[in-house]
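Presented below is the structure to which this report refers.
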Amino acid sequence: MQLYIGNKNYSSWSMRPWVLMREFDIPFEEKMIRFDGFDATSNFKQAARAVSPTGKVPTLVEGDLVVWDTLAIAEYLAERYADRALWPREAAQRARARSLCAEMHSGFGALRSACPMNIEASLPDIGALALRDKPGVRADLNRLVTMWSELLAQHGGPMLFGQFSIADAYFAPVVMRMRTYALPAPAPVTAYIERVCALPGVKAWIDGALAEKDFLDFEEPYRLRRG
């Protein structure tokens with residue numbers, strides 16, 4: 001398998017399947033297409049279109065099969081490696097995990113917009129301003145905290161459904177945002193964030209993001225240079 005991804009510091013969508021495959025020990029070859037812009041003439045867009053009809057990342061390639069979109073990739077891997085329980089084993093919990101991932105997939109627009117993923121940065125002042133001035137960000141954060149608190153209480157941790165699953169991989173980029181923007185959370189959620197960051201696959205992604213030297217102004221609404 002080959003997994004095509006964008007910059008680890010910025011590409012929240014790429015992070016999900018990469019972390020998922022690392023945590024479940026699914027072998028793959030990483031193919032990074034570095035961001036240089038998203039218009040049709042950019043090197044990124046031309047390289048991505050050579051792999052996927054959408055011209056976006058992530059894209060999973062296995063032989064002649066091309067799978068794009070994070071949720072489609074997760075579902076394919078769950079079927080391909082059914083013995084590894086990428087989704088929770090119990091049917092009702094699988095349905096709930098899928099519902100939450102779909103909610104993340106299409107929602108939380110205010111938080112995504114105000115707090116784009118930027119692992120290398122530390123932007124607590126921006127997070128505080130977003131919470132003060134943007135009701136949508138407050139609503140998104142409240143929903144996340146409520147969701148995670150309920151799941152951790154129900155399953156007892158350490159992950160959202162007990163053991164690591166697609167749901168944790170799917171919310172890993174939000175965990176990165178919580179850290180970058182110092183968004184407040186109660187103690188059980190803060191402890192969950194710390195556990196996610198300590199996962200080998202997540203730590204490896206973070207290390208890769210910190211090692212990148214790219215500074216992309218179109219991904220940086222709040223800084224003029226790296227810290």
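For the range 171-215, filtered to residues that are out of contact with any Asp or Glu (no Cβ under 8 Å at 6 or more places or on another chain) and over 27 Å from residue 148 (Cα atoms), the residue that is surrounded by the fewest Cβ atoms within 10 Å (Cβ to Cβ) is 213.
Determine whether residue 30 is touching an Asp or Glu at 6+ places or on another chain (Cβ under 9 Å), of a type in the set (Asp, Glu) and under 24 Å from residue 198 (Cβ atoms). So residue 30 fails the test. In the condition set (1) over 20 Å from residue 159 (Cα atoms); (2) at pLDDT below 95, residue 110 is compliant with all but (2).
In the range 64-75, what residues are more than 16 Å from the chain's Cα centre (by Cα) and surrounded by 17 or more Cβ atoms within 10 Å (Cβ to Cβ)? Across the range 64-75, the qualifying residue is only 67.
Condition check for residue 42 on (1) more than 19 Å from the chain's Cα centre (by Cα); (2) within 30 Å of residue 145 (Cα to Cα); (3) small (Gly, Ala, Ser): one failure, at (2).
Results for (1) closer than 28 Å to residue 37 by Cα; (2) touching a Pro at 6+ places or on another chain (Cβ under 8 Å); (3) not β-branched (Val, Ile, Thr), shown as yes or no for each residue.
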site: 59; (1), (2), (3): yes, no, no
site: 62; (1), (2), (3): yes, no, yes
site: 70; (1), (2), (3): yes, yes, no
site: 78; (1), (2), (3): no, no, yes
site: 87; (1), (2), (3): no, no, yes
site: 104; (1), (2), (3): yes, no, yes
site: 126; (1), (2), (3): yes, no, no
site: 138; (1), (2), (3): no, no, yes
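Restricting attention to the range 146-176, the residues that are under 28 Å from residue 10 (Cβ atoms), over 10 Å from the mean Cα position of the chain (by Cα) and among the acidic types (Asp, Glu) total 0.
Here 92, 78, 139, 153 are screened, and the one residue that is surrounded by 14 or more Cβ atoms within 10 Å (Cβ to Cβ) and either under 30 Å from residue 63 (Cβ atoms) or not acidic (Asp, Glu) (or both) is 78. Here the range 1-47 is the region considered, the condition is being in contact (Cβ under 8 Å) with a residue 24 or more places away in the chain and of a type in the set (Gly, Ala, Ser), and the residue that is surrounded by the most Cβ atoms within 10 Å (Cβ to Cβ) is 14.
The values are calculated or read from the model by the stated rules, or taken from the named source; none is laboratory data. The model shown is predicted, which means the values in this text are computed figures rather than measured ones. Positions of Cβ are backbone-derived with ideal geometry, glycine not excepted, and every protein chain shown enters the neighbour counts.
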